[in-house]
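To keep things clear, I will list the structure first and then write my remarks on it.
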Amino acid sequence: MDAAEKALPRYFAIRKKEKLPYFKIIQKISCRKQKDIEAMWAEHEKAMQEFDKLKSKSKAEIRDMENADYSLLDLKIDIASKMLESCVFCERR
């Protein structure tokens, strides 16, 4: 095992098709669509707990699950969009 593989074991496991990338896993986690940012963060917190449980399952078990209609990935996109609406990352407002 070289230094890169030692530093990035998950990356190399994904390359070798031994593990699924996290974005594939979070597509399986169903979330409720929320309107305001506080509710989105609360839903995110619950979904991340589900993610922590799900990542310990086997690749085959996860792959066999259906993708959610509105997933944790969708929720993360909506949170990012909501944050960008108020220009949280930008000096120019």
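Taking the chain as the reference, fit the longest principal axis to its C-alpha atoms, fit the long axis of helix 37-54 to the helix C-alpha atoms, and give the angle between the two in degrees, 0 to 90, nearest 10.
10
For MET83, MET40, which order do you get if you count the other beta carbons within 10 Å of each Cβ and list the fewest first?
The fewest-first ordering by Cβ neighbours comes to MET83, MET40.
Might you report the magnitude of the Cβ-based charge dipole of the chain about its Cα centre, with Lys and Arg at +1 and Asp and Glu at -1, to the nearest 20 debye?
Magnitude of the dipole: close to 360 debye.
Here are a few candidate values for Rg/Rh (Cα atoms, Kirkwood Rh): (i) 1.22; (ii) 1.83; (iii) 1.08. Which one was actually calculated from the structure I just gave you?
Read-out from the structure maps to (iii).
Rounded to the nearest 10 degrees, what's the angle between the helix 72-85 long axis and the longest principal axis of the chain, both from Cα atoms, 0 to 90?
That works out to roughly 40 degrees.
Mind sorting CYS31, CYS87 by how few other Cβ atoms lie within 10 Å of their own Cβ, fewest first?
Placing the least packed residue first, the sequence is CYS87, CYS31.
The numbers here are math on the coordinates, done by the rules we state, and not lab data. Values in this document were obtained by computation on a predicted structure and should not be read as measured data. Reconstructed Cβ throughout: ideal geometry from the backbone, glycine too, with neighbour counts over all protein chains shown.
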